[in-house]
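Notes follow the structure.
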């Protein structure tokens, strides 16, 4: 029987994230650990996905599969979430992060409204979906943007997201 080395890769990427002082490295290491974990979960659940499946879709599945854990991490880190929802995208001043996609903007607005107490209840699934989209949008904005990045904004965003990702990876993988 073949040994599944992906668990070692998850440990490696998680350890590297926790040892790094560079917020960009930390983020991409946790991103990588989560995508590997999502792929393992998909295989265990015999989920079929198209070949051109994206890491964004894997992250989305990972957050939704672990919605209870994600919800608990966000509850425990309410102070971070309160700082996160006060952020505005650097160019268009959209809530949390700029996006031209109205559906994403709506998701991020929901987070703001929830943490301001204007939405009394929020399903764990919806919270996990919104956070997955936020993490994916952050990755896209920071690493794939066609504009010159706003380094100050990016670092501030990652300083808030990275501790959340660290806790989410810890409770979902044990690493």
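The values are calculated or read from the model by the stated rules, or taken from the named source; none is laboratory data. These numbers were taken from a predicted model, which means no experiment stands behind them. Glycine also receives a Cβ, built like all others from the backbone with ideal geometry; neighbour counts cover every protein chain displayed.
Quick notes on this structure:
- Extreme residue, modelled with the highest pLDDT, among residues of the stretch 129-175 that are surrounded by fewer than 16 Cβ atoms within 10 Å (Cβ to Cβ) and assigned to a loop (DSSP other than H, G, I, E, B): 174
- Residue among 98, 61 that alone is touching a residue at least 12 places away in the same chain (Cβ under 8 Å), assigned to a loop (DSSP other than H, G, I, E, B) and closer than 26 Å to residue 169 by Cα: 98
- Given (1) modelled with pLDDT of 90 or more; (2) surrounded by fewer than 12 Cβ atoms within 10 Å (Cβ to Cβ); (3) within 18 Å of residue 140 (Cβ to Cβ), index of the condition residue 52 fails: (1)
- Matching entry among 138, 156, 132 (being farther than 21 Å from residue 33 by Cβ and either more than 13 Å from the chain's Cα centre (by Cα) or in contact (Cβ under 8 Å) with a residue 24 or more places away in the chain (or both)): 156
- Scanning the stretch 7-25 for residues that are exposed (fewer than 14 other Cβ atoms within 10 Å of the Cβ) and free of Cβ contacts under 8 Å to residues at least 40 places away in the same chain, we see that the one that is farthest from the chain's Cα centre (by Cα) is 8.
- For the stretch 7-25, the candidate set comprises residues that are assigned to a helix (DSSP H, G or I) and touching a helix residue (DSSP H, G or I) at 6+ places or on another chain (Cβ under 6 Å); within that set, the residue that is farthest from residue 166 (Cα to Cα) is 9.
- Meets criteria (in a helix (DSSP H, G or I), closer than 15 Å to residue 137 by Cβ and without any contact (Cβ under 8 Å) to a residue 40 or more places away in the chain) for residue 111: yes
- Test result for residue 91, modelled with pLDDT under 95 and under 21 Å from residue 160 (Cβ atoms): yes
- Exactly one residue out of 104, 82 is assigned to a helix (DSSP H, G or I) and more than 22 Å from residue 169 (Cα to Cα), and it is 104.
- Summed over the stretch 26-49, residues that are surrounded by fewer than 18 Cβ atoms within 10 Å (Cβ to Cβ), assigned to a helix (DSSP H, G or I) and either at positive phi or modelled with pLDDT under 85 (or both) total 2.
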